[in-house]
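A.B. asks: Before anything else, here's the structure in question.
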Amino acid sequence: MTTAQTSDGAAQPARTAQTPPDVAAALRPHDRPPLWDRRFTLYFAARAVSLLGDAMMPVAAALAVGALYGVSGVGLVLGVWTGTFVLLVLFGGVFADRFGARRMMVGADLARVLTQGVLAAAFFAGPPPLWLLVTMAALAGAAVAMFLPGANGMVPLVAREAQRANATLKVADALAHLLGPALAGLLIALVGAGTVYAIDAGTFLLSALCLALIRLDPVGRTSRGADTGAHGGGSLRRDLRQGWLEFRARTWMWSVILIWVVFGVLVFGPLVPLSSALIGDRLGADAYGLAVSLLGAGTVLGGLLALRLRPARPLAAGAVAMILYTVLPLCVALGTDLPLLLSGHVLGGGALAFWSVMWATSVQTHTPPAVLNRVSAYELAGSVSGIALGQILAGPATALASPERLLLVSAGACVVGCAALLGTPAIRTLRRAAASGGAGEGQAAPGSASPRQGTGPDGTAA
């Protein structure tokens, strides 16, 4: 593969005369390669069941741990989980590039089978001690830190067209977050927390099995490091530094992350605690649950839209879509009636999903495969830390201003952030990379990696 230097100094794949960007952008659906081959089907199944397990856990922790140890216990367990993830995710990116993304993902899934299985047994035996809950949360957070950097890097290996694959995975993510919390709450009420944790362990076991069954072509494994790793060794410090240099070399990438840190602190982080309190007090807990469900429905619609649209400048299109996200905190802050409130959540979910697909595809197709997972780790660490800080500061901030005013600040920050995205030339002018010839076939798709499914720039949760 030949490369060319971009305006930000990063080496990018040169477009060939046979596939100019305008021709690639004009590809009709029936001209595109099939998506649902064996590799992508197995990967989709692995991610879908894993996402369902992830979506069940916050509700399980809030209800099961909260019933035993109160709000402080829930905060400690979730805080340890998030903190461990943020501390270790950079190493997860290094290990995924060194030992192979798929191997790290399978190992991480098996580790979560252990942690969730231990918790299931503990809840079946009686109330588990807090130290055990915290210890398992730390181990689970470490496992996710090893899993997520490689999850995005696997997409170009198993899918022949990254954008369609990312959009399909985003729809699965949205459906998981629609069904998972409700399923967890229902199961805890009917059969107890032990069963929920046991089912969660089963989802990770099934995910590990599907990932283990994926077979990549030998050339694809060597060139992209999915099974054998991208390089043979070296110090962790050197690998971390190389990942940082690749991340820093792409102005469009670190600019988005800087903006997304601000989004995390001022928009995404405080949104859940503030909106849940305001909507719950004004319209009842059922109304907030319905609003969250409609947010998920909007995410499904945004993912489906991203399956159809192929903008020449994906990040610019995503930034325009994100302007609609402003409606979400605004309608909560203004105390709108229920139909308008729900409409705002649909728009917000759709806008975020569309941006997420554009971002994930851009990262995957504009970063060298050998450093894809390490670059993803830096992106995850930056975006998740901003959200965590916003969550921590949301409570103390209510002593300075009302929740309504804080959400108005969130809406204003969203508008300013979108203007910053569109006002940064490296972001606004980044073009969609030409489609590669196939996954794992040794054809050098211009490639890299990117979200709790939290809300990182790719919409994933940490």
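A.B. asks: Over 18 Å from G153 (Cβ atoms), assigned to a helix (DSSP H, G or I), of a type outside the set (A, V, I, L, M) and at pLDDT 90 or above - does that describe any residue in region 64-71? Even if it seems obvious, please write down each step before you answer.
C.D. replies: Our first condition is that a residue be over 18 Å from G153 (Cβ atoms); within region 64-71, this holds for 64-71.
Still in the running and assigned to a helix (DSSP H, G or I): 64-71.
Cutting the leftovers down to of a type outside the set (A, V, I, L, M) gives us 66, 69-70.
Still in the running and at pLDDT 90 or above: none.
No: zero hits.
A.B. asks: Please list, ordered by first then second residue, the pairs with beta carbon atoms under 6 Å, 6 or more apart or interchain, first in region 327-346 and surrounded by fewer than 20 Cβ atoms within 10 Å (Cβ to Cβ), second modelled with pLDDT of 90 or more and assigned to a helix (DSSP H, G or I).
C.D. replies: L330/A411; L340/C331
A.B. asks: Let me ask something else about it. Here are some conditions: (1) among the β-branched types (V, I, T); (2) within 14 Å of G53 (Cα to Cα); (3) crowded, with 24+ Cβ neighbours inside 10 Å. V155 meets all but one. Which one does it not meet?
C.D. replies: (2)
A.B. asks: How about region 126-152: which of its residues are crowded, with 24+ Cβ neighbours inside 10 Å and of a type in the set (F, W, Y)?
C.D. replies: Across region 126-152, the qualifying residue is only F147.
A.B. asks: Given the structure, is V196 crowded, with 22+ Cβ neighbours inside 10 Å, β-branched (V, I, T) and on the phi < 0 side of the Ramachandran plot? Steps first, please.
C.D. replies: Working: crowded, with 22+ Cβ neighbours inside 10 Å: yes; β-branched (V, I, T): yes; on the phi < 0 side of the Ramachandran plot: yes.
The answer is yes for V196.
The values are calculated or read from the model by the stated rules, or taken from the named source; none is laboratory data. The structure displayed is predicted, hence computed values, not measured ones. So basically every Cβ, Gly included, is an ideal-geometry build from the backbone, and we count neighbours across all protein chains shown.
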